[in-house]
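Values quoted throughout were computed directly from the atomic coordinates according to the rules given, and no laboratory measurement underlies them. Note that the structure is predicted; figures quoted are calculated from it, not measured. We place every Cβ from the backbone using ideal geometry, glycine too, and count neighbours over all the protein chains shown.
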Amino acid sequence: MTNITPDLDTLRALADEGNEMALDRLADLADARGDLEELRDLLDEGSMRAGHLLTRLAVATGDLRELQRVWDAGCDEAGRELERLLARPAGPREG
């Protein structure tokens with residue numbers, strides 16, 4: 001069996017026609033490039049894979065605002081993570 005690697009233009013065309021696997025593949029490629037803007041755009045297009053990847057990155061960096069934005073865009077995973085992080089007891093304050 002031939003291993004086919006579609007180019008970005010082909011993936012974009014398929015995604016624009018409603019192919020969710022192509023949208024997920026675009027999200028994975030954007031993540032591999034570290035292209036956060038592309039991931040955000042893909043989330044806005046309805047890619048839950050992009051939402052998952054953005055959630056993972058926001059949790060790793062502790063970016064609560066990004067988690068809220070991703071949740072507002074429809075990714076429930078981001079909401080669960082945001083609630084989990086906000087429920088943590090506050091650490092000692094420096095002062």
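Things worth noting here:
- Positive minus negative residues near ALA22 (Lys, Arg vs Asp, Glu; Cβ under 9 Å): -2
- Answer label for mean projected area of the Cα convex hull in nm² (calculated), chosen among [x] 11.2; [y] 8.0; [z] 5.2: [y]
- Net charge over other residues, Cβ less than 11 angstrom from the Cβ of LEU53 (K, R count +1; D, E count -1): -3
- Region 56-71 - phi-based ³J(HN,Hα) in whole Hz, Karplus 6.51/-1.76/1.60, Gly and Pro as x: 4, 5, 5, 5, 4, 9, x, 8, 5, 5, 5, 4, 5, 4, 5, 5
- Taking a sphere under 11 Å around the Cβ of GLN68 and counting the other residues whose Cβ falls inside, with K and R at +1 and D and E at -1, yields a net charge of -3.
- Percentage relative contact order, the chain, counting C-alpha pairs under 8 Å, at least six apart: 16 percent
- Against the chain, whose longest principal axis is taken from its Cα atoms, helix 20-33 shows a tilt of about 60°.
- Helix content alone sets the calculated 222 nm mean residue ellipticity of the chain: runs of n ≥ 4 DSSP H residues at -39500 (n - 2.57) each, divided across all residues, give -21500 deg cm²/dmol.
- Degrees separating the helix 76-87 axis from the principal Cα axis of the chain, which is the longest one: 20 degrees
- For the chain, the set of trypsin sites (Lys or Arg not before Pro) satisfying both a DSSP loop assignment and a count of at most 14 other C-beta atoms within 10 Å is given as ARG93.
- Region 17-77: GluC sites (Glu not before Pro) in DSSP loop, at most 10 other beta carbons within 10 Å: GLU17
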